[in-house]
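Asks: Structure in structure tokens, see below.
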2 protein chains.
Amino acid sequence: MKTADPELMRAMNRLSVLDTIRRRGPISRVEISERTELSTTTVSAITGSLLDDGLILTRHEGDIRNETVRGRPRVMLEVNPDAARVVGAKIAASRMVFVVTNFRGDVLSKLTLPIRIDRQPIAVIADLVEDGVRRCVVDAGLSLEDVDSVCLGLPGVIEHRTGHIRSSPIFREINIDFAAEMSTRLSTPTIVESDAHAITLGHHWFGKARDLQDMVLISLEQTLGLGVLHGNRLFRGAGGLSHNLGDLVLGMGPQGVIRLSSQAGESAILGEQQTDGRFAEAVRLGRGMTHVQALIKADDDRLIGAAVRAGEAVGLTIANIVTLFAPPRVILVGSSLALGEPFLNSLRDAYALAIPPSLKGVSELVFDDSTDDFWAQGAAAVALYELYESPWSTTGPAL
Amino acid sequence: MKTADPELMRAMNRLSVLDTIRRRGPISRVEISERTELSTTTVSAITGSLLDDGLILTRHEGDIRNETVRGRPRVMLEVNPDAARVVGAKIAASRMVFVVTNFRGDVLSKLTLPIRIDRQPIAVIADLVEDGVRRCVVDAGLSLEDVDSVCLGLPGVIEHRTGHIRSSPIFREINIDFAAEMSTRLSTPTIVESDAHAITLGHHWFGKARDLQDMVLISLEQTLGLGVLHGNRLFRGAGGLSHNLGDLVLGMGPQGVIRLSSQAGESAILGEQQTDGRFAEAVRLGRGMTHVQALIKADDDRLIGAAVRAGEAVGLTIANIVTLFAPPRVILVGSSLALGEPFLNSLRDAYALAIPPSLKGVSELVFDDSTDDFWAQGAAAVALYELYESPWSTTGPAL
DNA sequence: ATTATTTAATACGAGGTGCAAATTAAATTC
DNA sequence: GAATTTAATTTGCACCTCGTATTAAATAAT
């Protein structure tokens, strides 16, 4: 139980106000007061402090209401885009995507490095990441000193609280303090987060879950990840661990347990084709899924079969997740969606079959085919969230 | 985002102090201050208010420290057992168990009604429950007016926030506002809660999770339930729903999905034996599991087979739950534990096989064979928790 | 027996917080 | 140009927590 003092109180309300301003675009103080259920007095005090800190800006136009309203016009407030800058990154096995965003989360520059880093030693990956961050920052016309925070989203089991990578398919080592490593390299505070969590927050900030307080996201990439939003916050599991869906067990086969990753992981679907020459090259470049789609269009029976099996496994898993969390919406993201109709149809069918009758209709399935930028933007949102939460310079009273 | 005001602040700290007093037996103010990280001043103010409200008592002995300490002796504080009384109940298909507890959660009286209420209409069940509550209260030498709150724990999908029963194996109807029904009948505030949640809180208050802030409990009864404790609070899922593990899908069989309930539910294990005469009677009386155990001892191959299959299914499911939540401890409760070694061994084996290597050792499996009283006591804890949280009479300042 | 010492608990004042009521500000309408 | 209307701030108050000083209640020393 965390101890409550005035500071915490203020921090909570500040976050609430700041987030409301970010979400509802230019917004007046009265409307903030209505939405947050804080008194206008308090809203005035907090927005005053936010203005002092330069986190928000006033704008004297833009009141949407009927032009012909009596009375003093509302002053609209909006997040100051230039209050801070962060870097968000998605690190995957076959590519890295970096974005620099402003305080509002707008992308200022992006950079894709199509490099395969399968199970490289930490120093190699750190080099590449450092290089990517630096180049992307320069592309945005900035210097690294202008960047307040960096967030790296990567697959695997990440301990957000400490910045440790417990295990990740892209690292050879396990149990790496990657946050510390990158923080010193970049001399900028660096957060390490599961890629699934990053895009979950991304959807809550910018995407298909803006209107929700609770939802579940399932990422279908090389690794199968899960993000849970609960009460407007990321649910990070007991110990601050991320979830790794691929480890879920679907049943007992003749030679031991059958894990989801063996049915629906990228390599599971592509695996059978690895020997194929034209294919190995594509996979190596991280373009496997796109090629698969072409082959599916060309009626490659083996692949269609793999896609259908994968869809089935994922559909069952989603049903189980819904059984546990009963979220109003489930968002599916990731490269495996590119498998197209055979995959999606069997997924939908399996889900419909597996969802318990009592929960039928409580969860809506949404497919999202955002590009990698959006993942990186989600990572940026994680970094921004911590800035939004932090008390900033002026915690104290009005001077 | 909930709006933070001084009242919330006080409520949080009050709960923190009161819970510390409950947990750490008679405890001095200084020690409370250390544990809660509140200043001694604040602790004094809060305990003063709690004393005014009669929720705690002072005791001038019992300081555990070395007898020969200088200085003013500490005044020990403890929860006033008589500050309130609640009724907790476990409603199962074959029996109802009621307990009356004091404000500390001590059982004052208990009552077991060995009545089978399979799929009865709501009026019948409500009658029985009302009768049970009233009798148990009388047994404790009390009147219903002395009871501050009632909590009914029952199987199925319960919406705690509204008190609605979405679906339950013991009701014929679905979507019942049982909380409202019983509140009027008893003219006492009545909470309806999933039985799994009730015993989860029970273990956090009195049982095998007293020392933990996070844990997962799995209940193996007629229905398979799940309780998740997260940050000292029950995690009730997105919409305040309870979880129903039995609906989880284990895989795809020849004739559709295979649900956990079909492998490990009480009726799944006993089902094959239902035709057996000596058996049907026992099941009808809710003594099925006990008889099963006898038969297992007598080497009934069919039953041992069923138990092993059930253990396997549950073991896999637990591994999946651990993959998702990574709790430091998993507590297993429920009548199915009475199946004994064949069941438990296959459960343990399946779990060991299914738990992903990276999570090996993070969760400890604990088996708990508490009696039904403990479930009811857990329900009482749910009721007490709400009393502990509520601001009581004196929210205001010291008078 | 009396005084010094030690530790526990409370009083008091300061600083921070949110809210209601009163006040000021800035527009439109008459 | 005055009245009206709505937005935002100022003022005053009740509440919270905390640090420091003070009081309370025991043991140890004289």
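The values are calculated or read from the model by the stated rules, or taken from the named source; none is laboratory data. What you are looking at is a predicted structure, and each value in this text was computed from that prediction instead of being measured. Cβ coordinates were reconstructed from backbone atoms using ideal geometry, including for glycine residues, and neighbour counts include every protein chain displayed.
Asks: Of all residues in segment A:1-16 being within 12 Å of DNA strand D (Cβ to nearest atom) and in a helix (DSSP H, G or I), which is nearest to A:E78 (Cα to Cα)?
Replies: Per the criteria, the residue is A:R10.
Asks: Let me ask you something else. Please specify each residue of segment B:138-186 satisfying the condition of being within 14 Å of B:R85 (Cα to Cα), in contact with a Pro (Cβ under 8 Å, 6 or more places away or on another chain) and among the small types (G, A, S).
Replies: B:S149 - this is the single residue of segment B:138-186 that is within 14 Å of B:R85 (Cα to Cα), in contact with a Pro (Cβ under 8 Å, 6 or more places away or on another chain) and among the small types (G, A, S).
Asks: Suppose we filter segment A:80-92 for residues that are of a type outside the set (G, A, S) and surrounded by 24 or more Cβ atoms within 10 Å (Cβ to Cβ); how many remain?
Replies: Looking only at that region, the number is 4.
Asks: Additional query: If you go through segment A:57-73 one residue at a time, do you hit one that is over 20 Å from the mean Cα position of the chain (by Cα), touching a residue at least 40 places away in the same chain (Cβ under 8 Å) and within 15 Å of DNA strand D (Cβ to nearest atom)?
Replies: No; the residues of segment A:57-73 include none that is over 20 Å from the mean Cα position of the chain (by Cα), touching a residue at least 40 places away in the same chain (Cβ under 8 Å) and within 15 Å of DNA strand D (Cβ to nearest atom).
Asks: Okay, next question. Could you tell me how many of the residues in segment B:168-182 are surrounded by fewer than 18 Cβ atoms within 10 Å (Cβ to Cβ) and either touching a residue at least 60 places away in the same chain (Cβ under 8 Å) or not aliphatic (A, V, I, L, M) (or both)?
Replies: Residues that pass the stated criteria total 4.
Asks: Something else: Across segment B:242-263, what is the total count of residues that are facing chain A (nearest Cβ under 7 Å) and in contact (Cβ under 8 Å) with a residue 40 or more places away in the chain?
Replies: Our first condition is that a residue be facing chain A (nearest Cβ under 7 Å); within segment B:242-263, this holds for B:243-244, B:247-252, B:256-257.
Applying the additional criterion that residues be in contact (Cβ under 8 Å) with a residue 40 or more places away in the chain yields B:243-244, B:248, B:250.
Selection size over segment B:242-263: 4.
Asks: Which one of these is assigned to a strand (DSSP E or B), closer than 23 Å to A:F367 by Cβ and within 12 Å of chain B (Cβ to nearest Cβ): A:L217, A:L226, A:L212?
Replies: A:L226
Asks: Yes or no: A:L8 surrounded by 14 or more Cβ atoms within 10 Å (Cβ to Cβ) and modelled with pLDDT of 95 or more?
Replies: Considered against the rule, which asks whether it is surrounded by 14 or more Cβ atoms within 10 Å (Cβ to Cβ) and modelled with pLDDT of 95 or more, A:L8 comes out as no.
Asks: State whether the residues of segment B:25-39 include one that is within 11 Å of chain A (Cβ to nearest Cβ), modelled with pLDDT of 90 or more, under 28 Å from the mean Cα position of the chain (by Cα) and farther than 30 Å from A:S39 by Cα.
Replies: Yes, the conditions are met somewhere in segment B:25-39.
Residue-by-condition table, conditions (1) buried (at least 17 other Cβ atoms within 10 Å of the Cβ); (2) closer than 18 Å to A:D177 by Cα:
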{"site": "A:S94", "(1), (2)": "yes, no"}
{"site": "A:F98", "(1), (2)": "yes, no"}
{"site": "A:L113", "(1), (2)": "yes, no"}
{"site": "A:P121", "(1), (2)": "no, yes"}
{"site": "A:I125", "(1), (2)": "yes, yes"}
{"site": "A:L144", "(1), (2)": "no, no"}
{"site": "A:V147", "(1), (2)": "yes, no"}
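Asks: Hey, could you check segment A:355-378 for residues that are among the acidic types (D, E) and over 24 Å from B:N244 (Cα atoms) and say which is farthest from the other protein chains (Cβ to nearest Cβ)?
Replies: Our first condition is that a residue be among the acidic types (D, E); within segment A:355-378, this holds for A:364, A:368-369, A:372-373.
Add one more test, that the residue is over 24 Å from B:N244 (Cα atoms), and what stays is A:368-369, A:372-373.
Numbers: A:D368: 19, A:D369: 25, A:D372: 26, A:D373: 28 Å.
Top of the filtered list is A:D373.
Asks: May I pose another question? Take the residues of segment A:325-344 that are farther than 12 Å from A:L365 by Cα and surrounded by fewer than 24 Cβ atoms within 10 Å (Cβ to Cβ): which is nearest to the other protein chains (Cβ to nearest Cβ)?
Replies: Among residues in segment A:325-344 that are farther than 12 Å from A:L365 by Cα and surrounded by fewer than 24 Cβ atoms within 10 Å (Cβ to Cβ), the one nearest to the other protein chains (Cβ to nearest Cβ) is A:P342.
Asks: Among the candidates B:D177, B:D195, single out the residue that is away from every other protein chain (no Cβ under 14 Å), charged (D, E, K, R) and closer than 21 Å to B:S267 by Cβ.
Replies: B:D195
Asks: Check whether at least one residue in segment A:349-356 is at pLDDT 90 or above and within 26 Å of A:E193 (Cβ to Cβ), and report yes or no.
Replies: Scanning segment A:349-356, I find no residue that is at pLDDT 90 or above and within 26 Å of A:E193 (Cβ to Cβ), so the answer is no.
Asks: How do the pairs read when you match residues in segment A:337-349 that are in a helix (DSSP H, G or I) with residues anywhere that are basic (K, R), using Cβ under 9 Å and keeping only pairs 6 or more apart or on different chains?
Replies: If the second residue must be basic (K, R), the pairs left are A:S346/A:R309.
Asks: If I filter segment B:17-28 down to residues being buried (at least 18 other Cβ atoms within 10 Å of the Cβ) and assigned to a helix (DSSP H, G or I), which single residue comes out as farthest from DNA strand D (Cβ to nearest atom)?
Replies: Result: B:R22.
Asks: Here is a follow-up. Among the candidates B:G237, B:G286, which residue alone is at pLDDT below 65 and either under 18 Å from B:I170 (Cα atoms) or in a loop (DSSP other than H, G, I, E, B) (or both)?
Replies: Going through B:G237, B:G286 in turn, the sole match is B:G286.
Asks: Return the residue satisfying two criteria in turn: it lies in segment A:69-111 and is assigned by TED's automatic domain parsing to the domain that holds A:G141 and farther than 24 Å from A:H204 by Cβ, and of such residues it is nearest to DNA strand C (Cβ to nearest atom).
Replies: Filtering segment A:69-111 for residues that are assigned by TED's automatic domain parsing to the domain that holds A:G141 and farther than 24 Å from A:H204 by Cβ, the one nearest to DNA strand C (Cβ to nearest atom) comes out as A:L111.
Asks: Right, next: Criterion first (free of Cβ contacts under 8 Å to residues at least 12 places away in the same chain and closer than 25 Å to B:M182 by Cα) does B:G202 satisfy it? First the steps, then the outcome.
Replies: Values: free of Cβ contacts under 8 Å to residues at least 12 places away in the same chain: no; closer than 25 Å to B:M182 by Cα: yes.
For B:G202, the condition - free of Cβ contacts under 8 Å to residues at least 12 places away in the same chain and closer than 25 Å to B:M182 by Cα - is not met.
Asks: Then there is this: When you scan segment B:150-164, how many residues do you find that are buried (at least 23 other Cβ atoms within 10 Å of the Cβ), in a strand (DSSP E or B) and out of contact with any Gly (no Cβ under 6 Å at 6 or more places or on another chain)?
Replies: 6
Asks: Return the pair list, or none, for Cβ contacts closer than 9 Å from residues in segment A:1-15 that are without any contact (Cβ under 8 Å) to a residue 12 or more places away in the chain to residues that are within 10 Å of DNA strand C (Cβ to nearest atom) and of a type in the set (D, E), at least 6 apart or on different chains.
Replies: The qualifying pairs are A:M9/B:D5.
Asks: Name, by its number, the condition in (1) without any contact (Cβ under 8 Å) to a residue 60 or more places away in the chain; (2) more than 14 Å from DNA strand C (Cβ to nearest atom) that does not hold for A:R23.
Replies: A:R23 satisfies every listed condition except (1).
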